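Each remark here refers to the structure printed beneath this line.
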């Protein structure tokens, strides 16, 4: 498989070729300006008619204008192509991230991903654009400038003036690897700082409630100090390399004046040739100085490219077969046989020996204590994590032989933590099907949130703040349910998504859902047994196993785990009423 850069070059090489051709042409044209100036200096002594001088000056202006046009063209193609790489790579990485299984998001931090999308991608772009220009300038411009110095002025003077060049090469090699290592460390500190900032802002309510502003400030200061220290190390290194290169590059000018002045006195060269030579030295100093800049940018680009490839090299742990057009075949008949599962990097099984059957149109409830495994099973049904073959069947097919998109297109899932996007409420509800935005009130009524929305300033046009901060916890949960209903899937999973409302409201909403979503399969996960007592079948989870199953009456008659949980909750309700 081609790397991202090779694949991009394969498709866009012609853009770089056009830009490079114009860049080389401009570099070549620049050689003639110092020659023209040198000739003018010599002609001032010999030519009495100033018209000759005017002609030379006009030719310089023509060359300068051509250089201006050419620079625009090569900048458009080379820098523009680098921006195109940035655009396409960002889309490619984002698409790759979306295709990953849930364990990818468990592993990667938000701040780290954001840094790679911004800082690292920008560093690679710089290596794909400006550094290419500087590299070609350094090689081609230096070569033709030296040739011009030898041909138009004097080989001996050229040799003496270029003595500092090998020193510049040694400096570049010495600092190159050091810069790369320091930059990788810098990017890591940026990731840590970004992640801490994002996390602090997302959890600002917790920070405020516990009065932890000083603690969070100290943690931020620590990470910010590490970022500053890493940045200063890089600045010191680059700051030392650049003046060193500039110093030895300037030595060429000093040598040119010293030896060239002697040659003018000895009439080995003319004064005009000395002026011409010094101009060439000036043209040569920039490419020599650019060597350090190119090394810095390329080393940064390499380090950042490796970080980007760490994302691209990650593969989904969930097997995905070929996606087929099976939408009309989904009935939602679930069979689970001897299922066992443990989360990545965990030695403890979250689920063991799970066996159940969920028939189309049934309402099934999962109950149990916190950590019993009841919320893990829906994640497996949605192919968030990999499972063994022949353990979960959907409509008679092994789940590993079905594409996750096919499954998720037909299942509406409302997780424990409700997440709303920063957009109007009606757009949040119709998120899966924007064309159904006018039907948002209908789904809001079923989710028992319609009246709450009508009390908001802009009603359904009310803009929801980031992560839904403008709504209460219960409102966010009910809007999330309305969004799931708007998807119009034949299978609905409610994963303890009404914890922010009271028991009576939860029970009323669940009953309302059951009465309005006829012929649809529902899995309701709740720690409130009263809210799910009308389910067709209730599965009781404990320590990753199903310890009891049956309807409400059957489970009470067993006087086991369910009975104990139910009676305890009844007592708690009575105590709250008193």
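Values for this structure:
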| read-out | value |
| --- | --- |
| Long-range neighbours under 6 Å by Cβ, at least six apart or interchain, first residue under 25 Å from residue 310 (Cα atoms) within region 1-28, second in a helix (DSSP H, G or I) | 4/89; 8/85; 12/81 |
| Some residue of region 332-345 being more than 16 Å from residue 391 (Cβ to Cβ), in the same structural domain as residue 398 (by TED's automatic domain parsing) and touching a strand residue (DSSP E or B) at 6+ places or on another chain (Cβ under 9 Å) | yes |
| Condition check for residue 525: under 46 Å from the mean Cα position of the chain (by Cα), in the same structural domain as residue 416 (by TED's automatic domain parsing) and at pLDDT 85 or above | yes |
| Wholly within region 404-519, helices (runs of 4 or more DSSP H) carrying at least 2 residues that are buried (at least 21 other Cβ atoms within 10 Å of the Cβ) | 425-429, 440-446, 473-486, 503-516 |
| Cross-chain or 6+ apart pairs with Cβ under 7 Å, region 433-447 first and without any contact (Cβ under 8 Å) to a residue 24 or more places away in the chain and assigned by TED's automatic domain parsing to the domain that holds residue 487, then crowded, with 17+ Cβ neighbours inside 10 Å and outside any helix (DSSP H, G or I) | 437/430 |
| Selected residue (only one of 38, 19 is out of contact with any strand residue (DSSP E or B) (no Cβ under 7 Å at 6 or more places or on another chain), under 30 Å from residue 277 (Cα atoms), part of a helix (DSSP H, G or I) and modelled with pLDDT of 85 or more) | 19 |
| Out of 360, 378, 319, sole residue that is touching a helix residue (DSSP H, G or I) at 6+ places or on another chain (Cβ under 6 Å), touching a residue at least 12 places away in the same chain (Cβ under 8 Å) and outside the structural domain of residue 122 (by TED's automatic domain parsing) | 319 |
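The values are calculated or read from the model by the stated rules, or taken from the named source; none is laboratory data. Please read these numbers as outputs of a predicted model, since none were measured by experiment. Using ideal geometry, Cβ is built from the backbone for each residue, glycine included, and neighbour counts are taken over all protein chains shown.
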